[in-house]
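The values are calculated or read from the model by the stated rules, or taken from the named source; none is laboratory data. As the structure is a prediction and not an experimental result, all values here were calculated from the model. Neighbour counts are summed over all protein chains in view; Cβ atoms, including those assigned to glycine, are modelled from backbone coordinates with ideal geometry. For the accessible areas, the whole protein counts, side chains as well, though only heavy atoms, and no ligand, DNA or RNA atoms are used. Shrake-Rupley method; radii C 1.70, N 1.55, O 1.52, S 1.80 Å.
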Amino acid sequence: MKIERRPVPEVSLPDDLPPVLRRVYAARGIRDAEELVLGLDRLPGYQSLSDIEAAAALLQEALTQDRRILVVGDFDADGATATALAVDALRAFGATRVDYLVPDRARHGYGLSPAIVEAARAYEPDLIVTVDNGIASVAGVAAARAAGSRVLITDHHLPPAELPDADAIVNPNRVDCGFPCKALAGVGVLFYVMLALRARLRDAGWFAGRDEPGLADYLDLVALGTVADVVPLDRTNRILVAQGLKRIRAGRTRPGLLALANAAGRDPGRLTAADIGFGLAPRLNAAGRLENMALGVDCLLAPDTETAREAALTLEGLNAERRERQARMQDAAFAALDGLDPGEGGLPAGLCLHRPDWHEGIVGLVAGRVRERYHRPAVAFADAGAGGLKGSARSIPGVHIRDVLENLATRHPDLIDRFGGHAMAAGLTLPADRFEAFRAAFAEEVGRWVSEDMLQGVVVSDGELSDAELGLEIAYALREGGPWGAGFPEPVFDGVFAVLDQRIVGERHLKLRLGTDGGRAVDAIAFNHDREAPDRVRAVYRLDVNRYQGIDSVQLVIEHIVPAGV
């Protein structure tokens, strides 16, 4: 593992920003003060999204003619927030027959599959609206249209060569789409569709004599889904997340989101993107991983505090079960890999793991942990019935995992049944008897993408902080300087410290008291690190604000710790 510092170009940023924040922004590509303005008036207009007018026309017709609309969601937090936004906004616009359906991982598979279309027949939909899925659902769209439903696809995943024959497809990643933000999450795409629909309804006089919904009220859902889906926080997404957080902190949010925050032990009045990513999102995602994401959607749509609290408690129980299962699966994965000797070619460039007792809703998390520990792309598989396997892949910077799978499928056309995804994450299915062949082919293909340096793992730092900067003022400035996330990473710093005191807390976490060479002492914690530290360490850390019994103090949250001099 290497520690590297981000280069900081010379830029002109406001003098009233703390120097630490100026250098952090410069290292993330901010060139002038305008890029730091995150008002809604800086959002790009919806008009450049391909098919956006056709999508709005479909929805307008369904509303004005009181047709049945069925929202088909997805089983992650992005899909859940998009589903809740679609249902809530359409009802606010005046739709009286709106339902939603979330696929079950095991029974329906991913996206608008023929199986979920068959389940949708019970709703007799005139219009099916997909959220966060559908761009690759050629067979499912054909089945829906054959059953008499029109289909509107809203998605953000990379399109395949053949698009479904839907009535409209809104996806910023279509090759013919000129929308400037290609990083919108599924909930962001749906938010833009609602903007276009509201404008169309307004022009038609639909809101005469009735209240026109304020779509800014849905930005809490947009913020939650965008952060949870770990899409890059370009300026558009930072605006959406910042405005959503602003509303949540002000109490202008729905009961279900407040209940999730309370269940996660987060203060809604101080909520950050990190709180969403590490607190709220896992609890929401637990429903899709272990049961059905309809539980999560129900929580987000809860009409009152008590209903929301009960739903959040159910999600909290599922998340506890998820953590327990994940720990067992991770331990098995690490045990299988730790016995291999990297120096003797024991660890291939790409790692594949499978055990028959693994849960398909958790293999993606295991693949992510394996990727983090061994610094190479990883795929974890679970049994999917009928002699098949479902896998979830996670990658490292510089290795586009979907393209790896596409190249692999081209070279070995009989290995993979289906696949899809992004640069850093993908899903796939294959017959169980092809696992060993896939394992070898995957390692070989990843080997074409990587250098030895890429497999060593790199921790990127924003440099050192002085003793004067290790205080609450800078910690507050960094906390409020976001939102931070994928593509706009939360600042981390590095330095050498003396270990003044240490102990294990909560079985897995190392609590420390660290001293600087200048004589300052500061508290620190290294989560999921249960090994004793040496007397002197080099640490990579986040400067965090720890609130205990209403009192704020500085705490270093350690991301990486090694003996000083290493």
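The table that follows gives values for the structure above.
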| read-out | value |
| --- | --- |
| The stretch 150-167, subset of a type in the set (D, E, K, R) and over 25 Å from the mean Cα position of the chain (by Cα), residue farthest from Val117 (Cα to Cα) | Glu162 |
| Filter pass, Leu38 being crowded, with 22+ Cβ neighbours inside 10 Å and touching a helix residue (DSSP H, G or I) at 6+ places or on another chain (Cβ under 7 Å) | no |
| Selected residue [closer than 22 Å to Asp74 by Cα, buried (at least 24 other Cβ atoms within 10 Å of the Cβ), in contact (Cβ under 8 Å) with a residue 60 or more places away in the chain and small (Gly, Ala, Ser)] from Ala287, Ala259 | Ala287 |
| Residues of the stretch 273-282 that turn out to be open to solvent by 30 Å² or more (accessible area, probe 1.4 Å) and within 17 Å of Gly73 (Cβ to Cβ), as a count | 0 |
| Positions within the stretch 33-57 being assigned to a loop (DSSP other than H, G, I, E, B) and polar (S, T, N, Q), in sequence order | Ser50 |
| Some residue of the stretch 426-446 being in a loop (DSSP other than H, G, I, E, B) and crowded, with 18+ Cβ neighbours inside 10 Å | no |
| Qualifying positions in the stretch 262-271 - assigned to a loop (DSSP other than H, G, I, E, B) and either touching a residue at least 60 places away in the same chain (Cβ under 8 Å) or open to solvent by 30 Å² or more (accessible area, probe 1.4 Å) (or both) | Gly265, Arg266, Asp267 |
| Identity of the residue in the stretch 333-347, more than 16 Å from Glu372 (Cα to Cα) and either at pLDDT 95 or above or among the acidic types (Asp, Glu) (or both), that ends up surrounded by the fewest Cβ atoms within 10 Å (Cβ to Cβ) | Glu344 |
| Among the candidates Glu452, Glu473, Glu445, Glu436, residue that is among the acidic types (Asp, Glu) and touching a helix residue (DSSP H, G or I) at 6+ places or on another chain (Cβ under 6 Å) | Glu445 |
| Complete set of residues in the stretch 228-252 that are aliphatic (A, V, I, L, M) and open to solvent by less than 50 Å² (accessible area, probe 1.4 Å) | Ala228, Val231, Leu233, Ile239, Leu240, Val241, Ala242, Leu245, Ile248 |
| Filter result (assigned to a loop (DSSP other than H, G, I, E, B), of a type in the set (A, V, I, L, M, F, W, C) and open to solvent by 20 Å² or more (accessible area, probe 1.4 Å)) within the stretch 468-487 | Trp484, Ala486 |
| Those residues of the stretch 488-536 which are closer than 28 Å to Ala477 by Cβ, of a type in the set (Gly, Ala, Ser) and open to solvent by less than 60 Å² (accessible area, probe 1.4 Å), in sequence order | Gly495, Ala498, Gly515, Ala521, Ala524, Ala526 |
| Among the candidates Val540, Val554, Val545, Val522, residue that is farther than 24 Å from Val458 by Cβ, of a type outside the set (Gly, Ala, Ser), touching an Asp or Glu at 6+ places or on another chain (Cβ under 6 Å) and modelled with pLDDT of 90 or more | Val545 |
| Some residue of the stretch 499-511 being part of a loop (DSSP other than H, G, I, E, B), among the charged types (D, E, K, R) and either at pLDDT below 95 or within 20 Å of Gly277 (Cβ to Cβ) (or both) | yes |
| Matching residues, the stretch 537-552, being farther than 20 Å from Trp484 by Cβ, touching a strand residue (DSSP E or B) at 6+ places or on another chain (Cβ under 6 Å) and either of a type in the set (A, V, I, L, M, F, W, C) or exposed (fewer than 15 other Cβ atoms within 10 Å of the Cβ) (or both) | Val537 |
| Any hit, the stretch 528-536, residues being assigned to a strand (DSSP E or B), out of contact with any His (no Cβ under 8 Å at 6 or more places or on another chain) and closer than 30 Å to Ala327 by Cβ | no |
| In the stretch 290-306, the residues that are more than 12 Å from Leu260 (Cβ to Cβ), assigned to a helix (DSSP H, G or I) and open to solvent by less than 60 Å² (accessible area, probe 1.4 Å) | Leu290, Ala294, Val297 |
| Single residue of Ala425, Ala384 found to be of a type in the set (A, V, I, L, M, F, W, C), within 18 Å of Asn285 (Cβ to Cβ) and at pLDDT below 95 | Ala425 |
| Within the stretch 1-32, tally of residues that are exposed (fewer than 13 other Cβ atoms within 10 Å of the Cβ), in contact (Cβ under 8 Å) with a residue 24 or more places away in the chain and not in a loop (DSSP other than H, G, I, E, B) | 2 |
| Matching residues in the stretch 224-244 - criterion: being aliphatic (A, V, I, L, M), under 11 Å from the mean Cα position of the chain (by Cα) and in a helix (DSSP H, G or I) | Leu224, Val227, Ala228 |
| Filtered residues of the stretch 415-425 (kept if in contact (Cβ under 8 Å) with a residue 12 or more places away in the chain and part of a strand (DSSP E or B)) | Phe419, Gly420, Gly421, Ala425 |
| Boolean, Gly388 is without any contact (Cβ under 8 Å) to a residue 60 or more places away in the chain and more than 19 Å from the chain's Cα centre (by Cα) | yes |
| Residue selected from the stretch 348-401 under the condition β-branched (Val, Ile, Thr) and assigned to a loop (DSSP other than H, G, I, E, B), by the criterion surrounded by the fewest Cβ atoms within 10 Å (Cβ to Cβ) | Val399 |
| Tally, over the stretch 29-70, of residues that are touching a Phe, Trp or Tyr at 6+ places or on another chain (Cβ under 7 Å) and of a type in the set (D, E, K, R) | 1 |
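Listed here are the residues, each with its yes/no results for (1) modelled with pLDDT under 95; (2) assigned to a strand (DSSP E or B); (3) crowded, with 19+ Cβ neighbours inside 10 Å.
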position	(1), (2), (3)
Leu59	no, no, yes
Leu63	no, no, yes
Val71	no, yes, yes
Asp78	no, no, yes
Thr83	no, no, yes
Val87	no, no, yes
Ala92	no, no, no
Pro103	yes, no, yes
